[in-house]
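Input: a single structure, listed below in structure tokens.
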Ligand code: ZN
């Protein structure tokens, strides 16, 4: 297990819209979730107000383990937002328990990464409350 790299994210306030607030409410509790159809149990990623599989408007959230495999990454060398001090590395991780579902996150600096390596979610606190799911090597 790597040293945790949790940091407070400044200047980020997730939009409180009905399609995504469940994701951020769960993150505030330290849980990672993906959208789910309440009728046919299909994963709805990205979250949306209806199921494109069965047409149901009964949607909710499924808690996932918060573990995955590194799909890809890139290192950013220019800061464009105060929450992301360069250099930082943007990662895309495919969930172990939901293959095909990929979530993005970031790590400070230029960590030593390898495609397919084990990753785990962490929850960086947001200035003003809540948390933003991020990823780090497991
Ligand atoms: Zn459905």
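Rule-based calculations on the coordinates, nothing more; no lab input. Remember, predicted model here, so these are calculated numbers, not experimental data. Don't worry about glycine lacking a Cβ; one is built from the backbone with ideal geometry, like all the others, and counts go over all protein chains shown.
I need the shape label for the stretch 62-138. Rule: rounded when a/c is under 1.5, else prolate if a/b > b/c, else oblate, with a, b, c from the alpha carbon gyration tensor. Can you show the working numbers first?
On the way: a/c = 2.30, a/b = 1.25, b/c = 1.85.
Since a/c reaches 1.5 but b/c is at least a/b, the shape of the stretch 62-138 is classed as oblate.
With coordinates expressed along the principal axes, the C-alpha atoms belonging to the chain extend over 43, 34, 24 Å, beginning with the largest.
In the chain, helices alone account for a calculated mean residue ellipticity at 222 nm of -1500 deg cm²/dmol, with every DSSP H run of four or more residues adding -39,500 (n - 2.57).
Spin-label model, residue 97 to residue 28: label points 7 Å out along the Cα-to-beta-carbon direction sit 2.2 nm apart.
Summary of the geometry: the stretch 1-67 and the stretch 93-138, compared by the centres of their Cα atoms, lie 14 Å apart.
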